[in-house]
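All remarks here apply to the structure that follows.
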Amino acid sequence: MPNGLRPLLRVHLLWVLALALLQAAAWCQTSPQGLAAGLPAEADVALYADVDGLVHCLNPEVVQSVVDKQLGQFLQAGLPDPIHTVKHVAAAGFIRTPSAAQAVALVQGDLDPATLSVQLADRLPGRPSPRAWNFRGLALTSLEPSGRPAVTFGKLQDGTTIVAQAPCQETGLLSAAIASLADTSKGYIAQHPDALPAGALAAFHLGNPSALSALPKLSKIPVDNLRQVRLEVRRLDGAKLRLDISVELTSWLKAQIVRPFLGTAVAKVAANPKLPEAARRLVGRLAFTLEGKVLKASIEATAEEIEQLL
């Protein structure tokens, strides 16, 4: 096996599985393609999550305890609880160096950009003062901490909140986002029609794998061998969820080289004593197939099994 492909098989499978399943544990009433249609086509990666569905599917007490544990300091500072304020999220990322990452998100829920910016300012270095400004007819509020990317909030006419992170004073990301919102035929879904399919509870799409080379921790991944990566979560009968992973390589030969090592990689993860038993059981149920130059994996889990991972 080429040395360059080996790091790809060592990706943290548990993290990928848990994240995707946790973000989409209920039936999605909003089409991923509908909300994500306004994401910029130039993005390297895109995702969709039905937050509202997650809360109603899993045990509310378990979900609340996880949120309190992970975001407790922010909630105590007055920031809104995502369980009660966020329903659906579509986001796009522009992979750069860690210090220059850019992202834009479209959020459906009960959020007030002005209030959110004031509350978040107290948690940022230097406590920057919110700056109100207008860009192409959209009222925006930005926080510009010294030495860090700015965070910008705005409210669209349909009530959707737009949140963007980009270097201070740079408007390229906002320009791309506004252009996509105005004409979805130029957006991410138009560029990648199968990226975030309708009917999925949650979806993730890496449309530009070569961008990963900018991240030091992922620099060894053979991005030249990858064409795209897609994750989807769907609901099955009997309150079960299925996560489907699709990795398209650049050639049939590359896929043939990788295939024999997948079972070994999964077996090692499933036998890792550092992982919770519930996680090892789930990883051990991964089933792989090969279709041409596309490697596919799937796993099924119940809501109760997911809660055991929290």
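The values are calculated or read from the model by the stated rules, or taken from the named source; none is laboratory data. Not measured: the values here are computed from a predicted model. Every residue, glycine among them, receives a Cβ derived from its backbone with ideal geometry; neighbour counts consider all protein chains shown.
In the set (1) surrounded by fewer than 17 Cβ atoms within 10 Å (Cβ to Cβ); (2) of a type outside the set (S, T, N, Q); (3) at pLDDT 85 or above, PHE261 fails one condition alone, (3).
A quick yes/no check of all residues on (1) of a type outside the set (Val, Ile, Thr); (2) touching a strand residue (DSSP E or B) at 6+ places or on another chain (Cβ under 8 Å):
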site	(1), (2)
VAL247	no, yes
PRO260	yes, no
ARG285	yes, yes
GLU300	yes, yes
GLU307	yes, no
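From the list PRO167, PRO193, the lone residue that is in contact (Cβ under 8 Å) with a residue 40 or more places away in the chain and of a type outside the set (S, T, N, Q) is PRO167.
Within region 128-136, does at least one residue satisfy the condition of being surrounded by fewer than 15 Cβ atoms within 10 Å (Cβ to Cβ) and not in a strand (DSSP E or B)? Walk me through how you get there before you give the answer.
Applying the first criterion (surrounded by fewer than 15 Cβ atoms within 10 Å (Cβ to Cβ)) to region 128-136 yields 129, 131-136.
Adding the requirement that they be not in a strand (DSSP E or B) leaves 129, 136.
Scanning region 128-136, I find at least one residue that is surrounded by fewer than 15 Cβ atoms within 10 Å (Cβ to Cβ) and not in a strand (DSSP E or B), so the answer is yes.
Matching residues to (1) under 27 Å from ASP50 (Cα atoms); (2) crowded, with 17+ Cβ neighbours inside 10 Å; (3) touching a Cys at 6+ places or on another chain (Cβ under 7 Å):
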site	(1), (2), (3)
GLU248	yes, yes, no
LYS254	no, yes, no
LEU286	yes, yes, no
THR302	yes, no, no
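Would a scan of region 179-186 turn up a residue that is small (Gly, Ala, Ser), surrounded by fewer than 16 Cβ atoms within 10 Å (Cβ to Cβ) and not in a helix (DSSP H, G or I)?
No, that holds for no residue.
Taking the condition over 24 Å from ALA200 (Cα atoms), loosely packed, with under 13 Cβ neighbours inside 10 Å, among the acidic types (Asp, Glu) and at pLDDT below 85, does ASP112 pass? No. Considering region 137-172, the residues that are of a type in the set (A, V, I, L, M, F, W, C) and assigned to a loop (DSSP other than H, G, I, E, B) include one that is surrounded by the fewest Cβ atoms within 10 Å (Cβ to Cβ), namely LEU156. Inside region 36-61, residues that are assigned to a helix (DSSP H, G or I), surrounded by fewer than 24 Cβ atoms within 10 Å (Cβ to Cβ) and at pLDDT 75 or above make up a count of 3. The C-beta contact set for region 33-62 (first residue within 18 Å of LEU111 (Cβ to Cβ), second residue polar (S, T, N, Q) and in a strand (DSSP E or B), distance under 7 angstrom, 6+ apart or interchain) comprises LEU35/GLN108.
Beta carbons closer than 8 Å, at least 6 apart along the sequence or on distinct chains, pair a first residue in region 197-210 that is more than 15 Å from LEU39 (Cβ to Cβ) and part of a helix (DSSP H, G or I) with a second that is among the aliphatic types (A, V, I, L, M) and modelled with pLDDT of 90 or more for PRO209/VAL229.
For every residue, the table says whether it meets (1) in contact with a helix residue (DSSP H, G or I) (Cβ under 6 Å, 6 or more places away or on another chain); (2) within 22 Å of ALA200 (Cβ to Cβ); (3) touching a residue at least 60 places away in the same chain (Cβ under 8 Å).
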{"residue": "VAL233", "(1), (2), (3)": "yes, yes, yes"}
{"residue": "LEU262", "(1), (2), (3)": "no, no, yes"}
{"residue": "LEU290", "(1), (2), (3)": "yes, no, no"}
{"residue": "LYS296", "(1), (2), (3)": "no, yes, no"}
{"residue": "ALA303", "(1), (2), (3)": "yes, yes, yes"}
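For region 121-157, taking the residues that are farther than 20 Å from LEU174 by Cα and touching a residue at least 40 places away in the same chain (Cβ under 8 Å), the one that is nearest to the chain's Cα centre (by Cα) is identified as ARG123. Of all the numbered requirements in (1) modelled with pLDDT of 85 or more; (2) out of contact with any strand residue (DSSP E or B) (no Cβ under 6 Å at 6 or more places or on another chain), ALA267 misses one, and that requirement is (1).
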